[in-house]
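Please read the structure below before turning to the comments.
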Amino acid sequence: MNIFLTGYRCTGKTFVGKRLASLLNCSFIDADVYLVNKYKTTISEIVATQGWESFRKKESVVLKTLCELKKHVIATGGGVILDHNNVTIMKKNSVVVWLRATPETIRERIIKDETTKDSRPSLTSKGLLEEIEETLIFRDPLYQDAMDFFVHTDSMKIDDICNTIINKIDKIQH
């Protein structure tokens, strides 16, 4: 069984995923890093030169490959839930966890994240907080439909988030 961590950018998918994989004695993969390595270019470059649609197709190809793995914690890109087929293949033999945070927390984390320029191109031409709020209004129902459960990551420590995930997975499996 795999565990997929979904959610908006900077909700903790990578940090939580690495720690969760360590606690569960399994492997961790960041789907965006995998995509960048596979296509040998940054997400920003793909979006700038080929457009969002091309990036989303590449993201789906990568996801299909990652779904074939066993016993992995996989941090997805924030928009993976935009394609219903992605959700369907993630849910097959996997647990999907939605990591949530407030727009203000996400904004603070994006500003502090040095990799944002290459790995997180702007989704709209609006200000950062307005973009986050607008995108979450659209995506939250999609994350809701995709998830098995969610965890708020705003004020929790990584180990507390991981323990919450482990406990909820145990309840699902029993």
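The values are calculated or read from the model by the stated rules, or taken from the named source; none is laboratory data. A quick note: this is a predicted structure, and the numbers were derived from the prediction, not measured. Note that each Cβ is placed from the backbone with ideal geometry, even for glycine, and that neighbours are counted across all protein chains shown.
If I ask for residues that are at pLDDT below 90 and part of a helix (DSSP H, G or I), which ones from the stretch 95-128 would you list?
Narrowing the stretch 95-128 to residues at pLDDT below 90: 110-128.
110, 111, 112, 116, 117, 118, 119, 128 - these are the residues of the stretch 95-128 that are at pLDDT below 90 and part of a helix (DSSP H, G or I).
Which residue, of 60, 44, is over 26 Å from residue 160 (Cβ atoms) and at pLDDT below 95? Before the answer, list the steps.
Values: 60 fails: at pLDDT below 95.
Every option except 44 fails the conditions.
Does residue 44 satisfy the condition of being of a type in the set (Ser, Thr, Tyr) and touching a Pro at 6+ places or on another chain (Cβ under 9 Å)?
Yes: the conditions hold for residue 44.
Which residues, taken from the stretch 129-174, are of a type in the set (Lys, Arg), assigned to a helix (DSSP H, G or I) and free of Cβ contacts under 8 Å to residues at least 12 places away in the same chain?
Selection gives 171 alone.
Only one of 76, 135, 105, 153 is more than 14 Å from residue 13 (Cβ to Cβ) and of a type in the set (S, T, N, Q). Can you tell me which?
135
Residues that are buried (at least 18 other Cβ atoms within 10 Å of the Cβ) and of a type in the set (Gly, Ala, Ser): list the helices (runs of 4 or more DSSP H) wholly contained in the stretch 5-94 that include at least 1 such residues.
13-24, 31-39
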